[in-house]
Every structure is written in C-alpha cells, then in structure tokens.
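FYI, it's all coordinate maths here, none of it is from the lab. None of the values given here were measured: they were computed from a predicted structure. Cβ: placed from backbone, ideal geometry, glycine included. Neighbour counts: every protein chain shown.
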Amino acid sequence: MPGSNDPSGTSIRDVDMKLEVVVVPVTDVDRAKEFYGRLGWRLDQTPPGIVQFTPQGSGCSVQFGPDLTPGAPGSAKNYLVVTDVEAARAALVAAGVEVGAVYHPSPDGPVDGPDPERRSYFSRASFQDPDGNIWLLQEITTRLPGRIDPGITSFTSANDLTAALKRAADAHGEHEKRTGKADPDWPDWYAAYMVAEQTGADLPT
C-alpha cells in the first residue's frame, strides 16, 4: 500500500489538505477583475501576474491570470453554497449580474422555483462570468451525514451564523409548543441543533 513504508508512521488520513484556490480560465484579466469585484468578493494581495478574489464567508479563493492554466476560457464550473438562494440571487441581480431563475431538480427535469420543502442541496440558480465560466448557487442549510466532522463545526461569516440562529430559533419555538413550557436551557438546545444541522445528524425535537 502506498505510504505504508513511511518511516514517520504518518497516515495519509492524518494529513490535512485544505482546498485553497480554484483557478478560473479567462481571456481578459481586467474584464474578469471588474466582474468579480462587482460580486463584492475580496481582492487579495498576490504576486504579479495573479489576481485572487475570495467570496464572502469562503475558505477557498479564486485565481486567474494570463499563464495560470491551459484550460479553455469558459470551461470552468464551480459551486457557491448559500443559505438562502433567493436572497443571494436578488443581491447579485441588484449588483448588475445576470442570474438565471431559481429552480430545483425533479425526476422529470428542472422545475421553476425553489424546492417546495426547501431541502438542502435542491434549490439552485446559476450565473456566468464574461467568459462563460459557470457559477452554480446551491442552497444548503443541513449537510448530509458525514460531510462535516462534528468536532470542527464552524461558521465562516456573521451572515452564516445569523441564518443558523434564526433556523434554530424557529425550530426551538416548535419544540416549546410541543412541550408546553419554556425551555430555560435553550442555549444548549440551540447549540445541539446547529451542530446537528451542519453535520447531518438527527435534529433535536
């Protein structure tokens, strides 16, 4: 097995590999820079010949430049996770970005509008940069089991945390209706709910 003779005894499972950058092929760097700046993404300091933007709340950045990739401009497709696809689409449209209508998949193909049950991974919308590279907005509030280690759950932005707190508050309101009494330990309930939602575990009731 590869790595079995490693004298350090380190397993590949013990090596953290955090996705840092996605390279997007573009034809006109200045035009791309204007477009991604319009999205409100942070322009990072980089060496000459590299332009890097980081979306709000993202641990992964986007780079482009004249010699970064042999990929054909317009050939990239990447996903952007949002907690509310309709709100995200509205903000992009307000910034002057052309965004497709919100839709959700079905056995018979795409259907207009968000998923009726607002299930995670289902509600989507997409837009393109000037070169035709596709960005797919995907609404995710509850992760599939095993997607996130419960020991390292985190929120990458204040907006992300606020949305999670609102969902926990709504769920906790239903919890108190079922029990018929106020819950003095609501902070513990909120925490359990928010961690379970992120990791795909069973939600408290």
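Pairs of Cα atoms nearer than 8 Å and 6+ residues apart set the relative contact order; for region 150-199 it is 57 percent.
Comparing Pro110, Gly37, Pro55 along the charge dipole axis of the chain, the residue lying farthest to the positive side is Pro110, per the Cβ-charge model. Rounded to the nearest 20 debye, the dipole size of the chain about its Cα centre is 120 debye, using +1 on the Cβ of Lys and Arg and -1 on the Cβ of Asp and Glu. Look at the alpha carbon pairs under 8 Å that are at least 6 residues apart: their mean separation over the length of region 60-119 gives a relative contact order of 17 percent. Mean separation of Cα pairs under 8 Å and 6 or more residues apart, divided by the residue count, gives the chain a relative contact order of 17 percent. Against the main long axis of the alpha-carbon atoms of the chain, helix 29-38 sits at an angle near 20°.
Of all lysines in the structure, the ones whose alpha carbon falls short of 22 Å from that of Lys177, not counting any fewer than 8 places away in one chain, are Lys166. Across region 150-199, how large is the tail of the calculated P(r) beyond 17 Å, expressed as a percent of all Cα pairs? That tail contains 35 percent of the Cα-Cα pairs.
Going from the residue with the fewest nearby Cβ atoms within 10 Å to the one with the most, Arg178, Arg89, Arg31, Arg167 rank Arg178, Arg31, Arg167, Arg89. Sorted ascending by nearby beta carbons within 10 Å, beginning with the fewest, Thr142, Thr27 become Thr27, Thr142. For the chain, the antiparallel share of DSSP beta bridges with both residues in that region comes to about 60%.
Along the chain, the longest continuous region that contains none of the GluC sites (Glu not before Pro) in a DSSP loop with at most 12 other C-beta atoms within 10 Å is 118-205. Ranking Tyr121, Trp186, Thr69 by Cα position along the charge dipole of the chain, where only Lys, Arg, Asp and Glu carry charges on their C-beta atoms, puts Trp186 farthest toward the positive end.
Normalised by residue count, the chain yields a Cα convex hull volume of 203 Å³ per residue. Only helical runs count toward this figure. For the chain, summing -39,500 (n - 2.57) over DSSP H runs of n ≥ 4 and dividing by all residues gives -9000 deg cm²/dmol at 222 nm. With a Förster radius of 22 Å applied to the beta-carbon distance between Asn159 and Asp44, the computed FRET efficiency rounds to 0.65.
Here Met17, Met194 are placed in order of increasing Cβ neighbour count within 10 Å, fewest first, which gives Met17, Met194.
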